[in-house]
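Trainee: Here it is, the structure in full.
The values are calculated or read from the model by the stated rules, or taken from the named source; none is laboratory data. Given the structure is predicted, the values throughout are model-derived calculations rather than measurements. Don't worry about glycine lacking a Cβ; one is built from the backbone with ideal geometry, like all the others, and counts go over all protein chains shown. These area figures cover heavy atoms from the full protein model, side chains too; ligands, DNA and RNA do not enter into them. Shrake-Rupley method; radii C 1.70, N 1.55, O 1.52, S 1.80 Å.
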Protein chains: 4
Amino acid sequence: MAGGGQGRVAVIGASGYGGLQTIRLLQDHPSLTVTFLGGERSAGRRWSSICSFLPLPEDPVVQSADAERIAAAADYAVLSLPNGLACQLAPELLQRGVRVVDLSADFRYRSLEQWSQVYAQEANRLSREDSELCQQAVYGLPEWHGPAIAEARLVAAPGCFPTASLLPLLPFLKQGLIDTDGIVIDAKTGTSGGGRVPKEAMLLAEASESIAPYGVIGHRHTSEIEQMAREVAGQDVRLQFTPHLVPMVRGLLSTVYARLRDPGLTAEDCTTVLEAVYRHHPCVSVLPVGTYPATKWARHTNRALVSVQVDTRTGQMILMSAIDNLIKGQAGQGVQCLNLMHGLPPETGLPLQSFYP
Amino acid sequence: MAGGGQGRVAVIGASGYGGLQTIRLLQDHPSLTVTFLGGERSAGRRWSSICSFLPLPEDPVVQSADAERIAAAADYAVLSLPNGLACQLAPELLQRGVRVVDLSADFRYRSLEQWSQVYAQEANRLSREDSELCQQAVYGLPEWHGPAIAEARLVAAPGCFPTASLLPLLPFLKQGLIDTDGIVIDAKTGTSGGGRVPKEAMLLAEASESIAPYGVIGHRHTSEIEQMAREVAGQDVRLQFTPHLVPMVRGLLSTVYARLRDPGLTAEDCTTVLEAVYRHHPCVSVLPVGTYPATKWARHTNRALVSVQVDTRTGQMILMSAIDNLIKGQAGQGVQCLNLMHGLPPETGLPLQSFYP
Amino acid sequence: MAGGGQGRVAVIGASGYGGLQTIRLLQDHPSLTVTFLGGERSAGRRWSSICSFLPLPEDPVVQSADAERIAAAADYAVLSLPNGLACQLAPELLQRGVRVVDLSADFRYRSLEQWSQVYAQEANRLSREDSELCQQAVYGLPEWHGPAIAEARLVAAPGCFPTASLLPLLPFLKQGLIDTDGIVIDAKTGTSGGGRVPKEAMLLAEASESIAPYGVIGHRHTSEIEQMAREVAGQDVRLQFTPHLVPMVRGLLSTVYARLRDPGLTAEDCTTVLEAVYRHHPCVSVLPVGTYPATKWARHTNRALVSVQVDTRTGQMILMSAIDNLIKGQAGQGVQCLNLMHGLPPETGLPLQSFYP
Amino acid sequence: MAGGGQGRVAVIGASGYGGLQTIRLLQDHPSLTVTFLGGERSAGRRWSSICSFLPLPEDPVVQSADAERIAAAADYAVLSLPNGLACQLAPELLQRGVRVVDLSADFRYRSLEQWSQVYAQEANRLSREDSELCQQAVYGLPEWHGPAIAEARLVAAPGCFPTASLLPLLPFLKQGLIDTDGIVIDAKTGTSGGGRVPKEAMLLAEASESIAPYGVIGHRHTSEIEQMAREVAGQDVRLQFTPHLVPMVRGLLSTVYARLRDPGLTAEDCTTVLEAVYRHHPCVSVLPVGTYPATKWARHTNRALVSVQVDTRTGQMILMSAIDNLIKGQAGQGVQCLNLMHGLPPETGLPLQSFYP
């Protein structure tokens, strides 16, 4: 579809954080309009009874996610569902000509086998046979797969940790400037990444005034990061990824440690590498040497703030990257993909400046 | 001094966080009593007018830090002053027979030259000539220097980051189980580490709802950690230390990445290494494999919680360590040193269990 | 029972916040020891597998709450259960000679009818016939019912809001210094008051960075406050109670507005009224005129901080009261009652000074 | 000036929170452009060196606030300065034809005498003689003074507490539905209201995990609220105003208690009163009965959310009102006034929907 017309968007999983953010972002969008709200638990209810704080025009009723009805109402569908559900709904939508952006992990792996290893348990040992669809799906990191996304029928929006980690890392992997071994990613996320379904660990009483690691050595975003890193590096990349839970609502910081192959490279050199890649990508800002990103600067925006420092004493490069985990790390990136699919500049309608403080 | 008698303690810098914590901790102590409160800004004022929320018996008046008067009132002095002041006061106290625990960085380096490189700018280019005293001072990490602390006239309590980082790391360095090169320490601290003097970056409005790195590649605790690591490893250790500011009041987490020399070692093996060292040290708790420390578990206690995980895929060991930055990371460790100096078990009178949540 | 011997305490509902606090508080107690841990969901599990951060001697197994076994193991039982359960267990314990402190609302009303009106829906329309027991139960506000608590077989520990609101208010009602009509209580609580069972509204992502009223006009603590106010005032008291949820873990502030009958009374006069009542009660501190309580000053303590101000312009008295909702507002007050029942000074073993900041 | 052309705006006090918010809001504005940045401490510096996180086109240099230069560059000036400074700069700007919106308290009182009583001490006993100007200044509450603001040369934007308190209260005062005596306003604010200049009480370490009242009986916003209340009620209004500091960055909640003159009025009736007044004011949303506002719903927006409940038992009406203290409570309201002055709909370019959570 050309960028001229209005795009009609269905949001499935409307009352979770991913759905909610997508709806909110599209309220400010000049060319994409939400025309269908889907949800299971909230099906049949007026939107205002679910989210009184976000009034929508004509106060729509949330509907169950029936492919036929979605196809009648929308050109695009954003699926914001628990892992293992999108892979059931997406084929039916694609058949009916609806182009899909999936915010879950269902289509992030080229290989269905790998998905099964990592996610099958969570997805109730779901047996999938959509191997071909997995191969067709485009990994929705717009700064790296822009043209493919623009043409895609099915886009798998990346996870929040992969987004923040890959953006600063990929330029160096692509140019072969760092060892592909021994990379350490120490990541920190706000609690909204855990979703809206209540869990003890995400209670304010539990999570506030504390920081803790979790998913040490086994976090599933490890393989997602490595898959994309391998694709860009042209060789296997093995890395150590450790997420930490931070007492804040939103924001995600990734601190990446890698060894420079050329010990003569300076922070200025490395900043130039980043700038060369991202100069024409308004959703990524490269900070000047010595300025380190705070997640607050990226909050409520679709902007990633990246910075690089070099320690000549140790030969390490330190990459730092801050995003809003629910926007550039999820729903905003989904809209960025929709923009490309709809023939628009990727940043169309997306907030790029935070309200500080 | 034998443990029989009551020890009299002067707290200098009483209204800052370090002084305040020391006073609070000693309120619960069976054998040490605060007998002198010193401070510059608050000299001449009744304690209740400074800290109404912490009533002290007989509501003492804060006094200026005169060595003669301190010596008349106290056997021990805890100095909680900005860097560059303790090195002026300590000699006068030592001359008068007062044993000193300094919470600042003034005596943490064996070499005065190194101190000058790292701290002289902050300490207004202070010119020091107390090189001998620096060599005599004992680095007050009680689990590693217990006997020396017990005999010491002058103890330099370690910094908060070094405490949290060294406790899990030293056993592996001592036994030569890890590469001394390529160690990465990614540390996270609450804002109380910045002290009580108002700074914009530490305002709730600025620091809340955000996480950010700071002092990347140049933080001064790097050299303090390396000094102690070298002493224990018997060889130079170069490491990458990156602190982050976390939106919480207190708590400090250190995540340490190191490469195991023997790829066959398991998390269980490494846990055994930690347990063997800390079994008889009640202020360090080794967590079972798979349990990762939250800073909240250590909050308001003098306990360090350490845990280790091994990634056989990458050959990395991940050490995690949580402390309360103002207690085990500062004032509590100072009291732990006082206990040893006074002939008491190190944990005497110190809180070891948090109030959760 | 005389204060001489060790008291054995069963804690039922061990892994909720009320149970957890009770256990933690008793770890520091000189004369009361936890000898039985009861819980439904966690029955059969080792304590360390539930709360690894709070190691208990010999790592006991949590047991189901069987009255016979409790009676064999304990002299006292602290019940920290959802409303509607204590009233089923308590009679069986009392029959077997176990003295009970109930932290729920089951025995807070003298009149079973009133309880039914307020709580029956929540307690699944439970039909109770223990009217007599309700009348025997003592309302466990130790500063006002000390002698009755000391003799009681069954104590109903007050709710957190009633505790914070009644402590400053009762002296003025007792002396008839304020209008019994038109009292406004605007209260603010941390989220731990909502308990440990996950609820969407208590997620950090939802509750953080926000304040909101709830339970406006209909909150059930209204009637509990009025009951006790009437008893002390000797006449009906009607008040407006509005709680608010504050983005913090613990702490509860009650701001009470009442009209002075004598417009000539000053803040100093009113402070004297409070001091006269609480002078010999170490768990209540009256602040000097012009000092207003912060909940942080009371955090992790069993101390209530109260303050009073008078506006001669409007004739209003403003009472302010800060407590830790889980200690003086729940478990600590329960232990304070146990102390009295065991013949000890009420503050025995209870923390009275916070760790600031 | 008609709404057709672009309006040029000078922001004086650019790096404080008020200035920063104004600049940020105007980035999204279709018809108003920032053309001058003024500041004292930051004069001569490039904007990017002050606020790297908010990149501005062409990275302007901050300039000292010279009236001549401001007049050359701008049609409007937003003054975001400490109290006592705007009254010195404003006359010079007005003389030169620059229309002024002042965010400070300097022109909020019709009577200079009253201002002097309340603010002179803070403003260093400044002696003012601009009594006439005070009388001309329009109190910038757009929902109540829209036409006057549209014509005004000098607008005094209301304080944050008055804005949140007056919006729900004025309709009832105007219609004479409540007693003008005995009104209680219990207000709660985030710490950004304290500004960006560092103060101990606003440190995260101090303010976090705590709530406390301040300015009890003497807060200066009392008289500001009463002035406007009297104007609308047509008679004196005396009220009790008590602010509280809440551990969050932004957000302000006002809970107002007033006695209904007609005890037969219901919450539905009172909601209708609010709706009738605010139906055509998009920056005020009246919530349905039983829905109470959370400040998070208003965060980063220029929207006030108001709700009313009635307690027939006590005869009290409870009004609740949530705003973002830096937007509808400060800079956003200033822009709303600018919109009216520039002939635009008041909500032009202003965010009305929050990013939840």
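Trainee: Could you check how many residues of segment D:30-43 are in contact with a strand residue (DSSP E or B) (Cβ under 9 Å, 6 or more places away or on another chain) and closer than 25 Å to D:Asn325 by Cβ?
Mentor: Initial filter on segment D:30-43 (in contact with a strand residue (DSSP E or B) (Cβ under 9 Å, 6 or more places away or on another chain)): D:31-39, D:43.
Now narrow it down to the ones that are closer than 25 Å to D:Asn325 by Cβ: D:32, D:34, D:37-39.
Looking only at that region, the number is 5.
Trainee: Another one. Could you check, for segment B:230-237, whether at least one of its residues is part of a loop (DSSP other than H, G, I, E, B) and over 28 Å from B:Asp181 (Cβ atoms)?
Mentor: Taking every residue of segment B:230-237 in turn, none turns out to be part of a loop (DSSP other than H, G, I, E, B) and over 28 Å from B:Asp181 (Cβ atoms).
Trainee: Hey, any hits in segment B:57-69 for a residue that's within 17 Å of B:Val34 (Cβ to Cβ) and touching a His at 6+ places or on another chain (Cβ under 9 Å)?
Mentor: The answer is no; no qualifying residue exists.
Trainee: Among the residues of segment C:201-244, what is the count of those that are at positive phi, facing chain D (nearest Cβ under 7 Å) and surrounded by fewer than 22 Cβ atoms within 10 Å (Cβ to Cβ)? Walk me through how you get there before you give the answer.
Mentor: Taking segment C:201-244 first, the residues at positive phi are C:209, C:215, C:217, C:234.
Those still in the list that are facing chain D (nearest Cβ under 7 Å) too: C:209, C:217.
Okay, now just the ones that are also surrounded by fewer than 22 Cβ atoms within 10 Å (Cβ to Cβ), so C:217.
Result for segment C:201-244: 1.
Trainee: Between a first residue in segment D:14-28 that is within 11 Å of another protein chain (Cβ to nearest Cβ) and a second residue that is surrounded by fewer than 24 Cβ atoms within 10 Å (Cβ to Cβ) and part of a helix (DSSP H, G or I), which pairs have beta carbons less than 8 Å apart while being 6 or more apart in sequence or on different chains?
Mentor: Between residues of segment D:14-28 that are within 11 Å of another protein chain (Cβ to nearest Cβ) and residues that are surrounded by fewer than 24 Cβ atoms within 10 Å (Cβ to Cβ) and part of a helix (DSSP H, G or I), the close pairs are D:Ser15/D:Ile50.
Trainee: I need the full set of residues from segment C:180-200 which are open to solvent by 10 Å² or more (accessible area, probe 1.4 Å) and either assigned to a strand (DSSP E or B) or facing chain D (nearest Cβ under 9 Å) (or both), in order please.
Mentor: Residues satisfying the conditions are C:Asp181, C:Gly182.
Trainee: Here's a follow-up. Open to solvent by 10 Å² or more (accessible area, probe 1.4 Å), outside any loop (DSSP other than H, G, I, E, B) and facing chain D (nearest Cβ under 8 Å), is that true of C:Arg259?
Mentor: Against the criterion (open to solvent by 10 Å² or more (accessible area, probe 1.4 Å), outside any loop (DSSP other than H, G, I, E, B) and facing chain D (nearest Cβ under 8 Å)), C:Arg259 qualifies.
Trainee: So, one more: Mind checking whether some residue in segment B:310-332 is more than 12 Å from chain A (Cβ to nearest Cβ) and more than 22 Å from B:Leu141 (Cβ to Cβ)?
Mentor: No - not one qualifying residue is present in segment B:310-332.
Trainee: Shifting gears a bit: List the number of the failed condition for B:Gly251; all other conditions in (1) within 13 Å of chain A (Cβ to nearest Cβ); (2) within 30 Å of A:Ser208 (Cα to Cα); (3) touching a residue at least 12 places away in the same chain (Cβ under 8 Å); (4) surrounded by fewer than 23 Cβ atoms within 10 Å (Cβ to Cβ) hold.
Mentor: (4)
Trainee: Checking the conditions here, which among B:Leu167, B:Leu154 is assigned by TED's automatic domain parsing to the domain that holds B:Val310 and among the aliphatic types (A, V, I, L, M)?
Mentor: From the options B:Leu167, B:Leu154, the qualifying one is B:Leu167.
Trainee: In segment C:88-109, which residues are farther than 14 Å from C:Ala152 by Cβ and open to solvent by 10 Å² or more (accessible area, probe 1.4 Å)?
Mentor: C:Gln88, C:Leu89, C:Pro91, C:Glu92, C:Gln95, C:Arg96, C:Leu103
Trainee: From (1) under 23 Å from the mean Cα position of the chain (by Cα); (2) open to solvent by 10 Å² or more (accessible area, probe 1.4 Å); (3) aliphatic (A, V, I, L, M), pick out the condition that doesn't hold for B:Leu169.
Mentor: In the conditions (1) under 23 Å from the mean Cα position of the chain (by Cα); (2) open to solvent by 10 Å² or more (accessible area, probe 1.4 Å); (3) aliphatic (A, V, I, L, M), B:Leu169 misses (2) alone.
Trainee: Moving to a separate point now. Which of the residues belonging to segment D:76-87 are surrounded by fewer than 22 Cβ atoms within 10 Å (Cβ to Cβ) and in contact with a Lys or Arg (Cβ under 9 Å, 6 or more places away or on another chain)? Let's see the steps before the verdict.
Mentor: At the first step, the residues of segment D:76-87 found to be surrounded by fewer than 22 Cβ atoms within 10 Å (Cβ to Cβ) are D:82-85.
Result: D:Gly84, single match.
Trainee: Further, regarding this structure: Restricting the search to segment A:172-199, which residues are among the hydrophobic types (A, V, I, L, M, F, W, C) and within 18 Å of the chain's Cα centre (by Cα)?
Mentor: Of everything in segment A:172-199, those that are among the hydrophobic types (A, V, I, L, M, F, W, C) and within 18 Å of the chain's Cα centre (by Cα) turn out to be A:Ile185, A:Ala187.
Trainee: Would you pick out the residues in segment B:37-54 that are more than 23 Å from C:Ser307 (Cα to Cα) and crowded, with 18+ Cβ neighbours inside 10 Å? Break it down stepwise before answering.
Mentor: Initially, segment B:37-54 is screened for residues more than 23 Å from C:Ser307 (Cα to Cα), giving B:37-44.
B:Leu37, B:Gly38, B:Gly39, B:Ser42, listed by residue number.
Trainee: Open to solvent by less than 30 Å² (accessible area, probe 1.4 Å) and in the same structural domain as B:Gly193 (by TED's automatic domain parsing): is that true of B:His280 in this structure?
Mentor: Answer is no for this residue.
Trainee: Looking only at segment B:308-340, count every residue that is of a type in the set (D, E, K, R) and touching a helix residue (DSSP H, G or I) at 6+ places or on another chain (Cβ under 8 Å) and tell me the total.
Mentor: The number of residues fulfilling the criteria is 2.
Trainee: Taking the stated definitions as given, is D:Leu260 within 21 Å of D:Pro168 (Cα to Cα), under 16 Å from the mean Cα position of the chain (by Cα) and at pLDDT 95 or above? First the steps, then the outcome.
Mentor: Numbers: within 21 Å of D:Pro168 (Cα to Cα): yes; under 16 Å from the mean Cα position of the chain (by Cα): no; at pLDDT 95 or above: yes.
Against the criterion (within 21 Å of D:Pro168 (Cα to Cα), under 16 Å from the mean Cα position of the chain (by Cα) and at pLDDT 95 or above), D:Leu260 does not qualify.
Trainee: Is it true that D:Pro147 is of a type outside the set (Gly, Ala, Ser), surrounded by fewer than 21 Cβ atoms within 10 Å (Cβ to Cβ) and under 18 Å from the mean Cα position of the chain (by Cα)?
Mentor: The answer is yes for D:Pro147.
Residue by residue, here is whether (1) assigned to a strand (DSSP E or B); (2) touching a Ser or Thr at 6+ places or on another chain (Cβ under 6 Å); (3) not assigned by TED's automatic domain parsing to the domain that holds A:Asp75 holds:
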residue: A:Val11; (1), (2), (3): yes, yes, no
residue: A:Pro30; (1), (2), (3): no, no, no
residue: A:Thr33; (1), (2), (3): yes, no, no
residue: A:Leu37; (1), (2), (3): yes, no, no
residue: A:Gly44; (1), (2), (3): no, no, no
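Trainee: Would segment C:55-66 turn up any residue that is away from every other protein chain (no Cβ under 14 Å) and either closer than 20 Å to C:Leu350 by Cβ or open to solvent by less than 10 Å² (accessible area, probe 1.4 Å) (or both)?
Mentor: yes
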